[in-house]
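Novice: The structure is given below, and queries will be raised subsequently.
Computed from the coordinates by the stated procedures, all read-outs in this text should not be read as laboratory data. The structure displayed is predicted, hence computed values, not measured ones. In this analysis, Cβ positions are derived from the backbone assuming ideal geometry, glycine residues included, and neighbour counts consider all displayed protein chains.
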Amino acid sequence: MMAKESLTDKAYSRIKEWIIGFQLKPGSHISIQDLAEMLGISRTPVREALSRLEQEHLVVRFPMKGFAVKAMDLKEISDLFEVRTAIELLAVRQAAGRINGESRAQLAESISASEKLIKKGAKSQSIKIEQNFHMKILEASGNIPLAEIGRGILGRIWAIQSFNIITSDALEKSHQEHIEIFDALSDGSVKRALAMMQKHMKYATKELMARLKDRNDIIHNAIAFNPKTWQRLKRKK
C-alpha cells in the first residue's frame, strides 16, 4: 500500500499539471470527490494536495463551499510578470558568474531536447522543457532563496504562459532566445546574459498582455476576468 504522503504527492502533481495544462480552467469549481475518483484515491490526500496548491496561489478555498482554480485579472498577471522579470534578471546575472560544468550541461541538454521536440511538432512536451530551462537558471544562480521565490512565481504563471505559447507561433522564437541566453551564460558574459534575458522577458510580456487585452483572442476568453465569476462561486452550495 502506498504511504499517505505518497498519495498526497501524486494528487498534488497531477492536479497541478491539470491546472497548468488548462484541463482545470481558471475560476472553475473543484470537486474533491471527482478528483479522487479520477486519481483512484480517497478524498483525504486530494484535500491535502489542494491545501498545498492553495499555498502556491493556484487554487482558492471558499469556507464551507470547497475549492476553485484561482482566476487572475490583467493587473495581477502584469504584476506577476514584472516580478518575474526582476527575479529572472537577478538569477541570470548571478548564474553568469557562478555557472559550473554540471549546470552548463543541464542547460545544454534542455536546449537540445526541446529542439528535437519542436522539430517533431511535439509542442506540449517542448513547452515543459522550455519552462524547465528557466528553473535551471534559477538553480545555476546558486542563490537558494532566489530559486525558492522564483519557483513560486513561475509556478503561478505557467498555466497562462503555457496556454499562450500553445495557441500561438511564439515557441520557436522563445527557443531561439533561450539559445542566446545559454550562449551568454556559457561564455560567462554577465552583460550579454542580462541583455538577452531582458529581451526575452520584454517579448514574452508584451505578447501575452496584448493577447489578453484583445477581446477577439482565445486567450482573453480563457481567463476569468469578470468578478461576477467569483460571486457565483461564493454563492455556490
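Novice: Please name whichever of P145, I15, M196 sits farthest to the positive end of the charge dipole of the chain, dipole taken about the Cα centre and charges placed at Cβ: Lys and Arg +1, Asp and Glu -1.
Specialist: With unit charges placed on the Cβ atoms, the residue in question is I15.
Novice: Name the aspartates and glutamates eligible as straight-distance cross-link partners of K173: C-alpha to C-alpha under 14 Å, and not fewer than 8 places from it in the same chain.
Specialist: In chain and number order, the partners are E115, E130, E207.
Novice: Just list whichever of K75/K213; K16/K128; K25/K116 have alpha carbons separated by over 20 Å in the model shown.
Specialist: From the list (K75/K213; K16/K128; K25/K116), the Cα-Cα distance tops 20 Å for K25/K116.
Novice: I need V69, V60 ordered by Cβ neighbour count within 10 Å, fewest first.
Specialist: V60, V69
Novice: Using a simple spin-label model with points 7 Å from Cα along the Cα→Cβ vector, what separation in nm is obtained for E109 and D73?
Specialist: Placing both labels 7 Å beyond Cα along the Cβ direction yields 4.4 nm.
Novice: Taking the Cα centre of the stretch 32-131 as origin, work out the dipole magnitude from +1 charges on Lys and Arg Cβ and -1 charges on Asp and Glu Cβ, in debye rounded to 20.
Specialist: I would put it at about 200 debye.
Novice: Could you give the dipole magnitude of the chain about its Cα centre, charging the beta-carbon of Lys and Arg +1 and that of Asp and Glu -1, in debye to the nearest 20?
Specialist: 1000
Novice: With springs connecting C-alpha atoms under 10 Å apart, model the chain as a Gaussian network and identify which of L24, L50, L117 has the largest mean-square fluctuation.
Specialist: Taking springs between Cα atoms under 10 Å, the residue moving most is L117.
Novice: Turning to a different aspect of this structure: Looking at I179, S110, S124, which one has the Cα that reaches farthest to the positive end of the dipole of the chain (charges on Cβ: Lys, Arg +1; Asp, Glu -1)?
Specialist: Positive-most Cα among the choices belongs to S124.
Novice: Show the residues, 5+ positions off or on another chain, whose built amide H is closer than 5 Å to the amide H of I99.
Specialist: Amide H neighbours of I99: none.
Novice: Would you mind checking which residues have amide H under 5 Å from V59's amide H? H placed 1.01 Å from N; only 5 or more apart, or other chain.
Specialist: E54, K70
Novice: Only Lys, Arg, Asp and Glu count, each charged at its Cβ (+1, +1, -1, -1), so figure out the dipole size of the stretch 4-70 about its Cα centre, rounded to 20 debye.
Specialist: 140
Novice: DSSP H helices in the chain with Cα extent of 20 Å or more along the helix axis and mean Kyte-Doolittle hydropathy at least 0.0?
Specialist: Sorted by number, the helices that extend far enough and score high enough are 74-98, 144-166.
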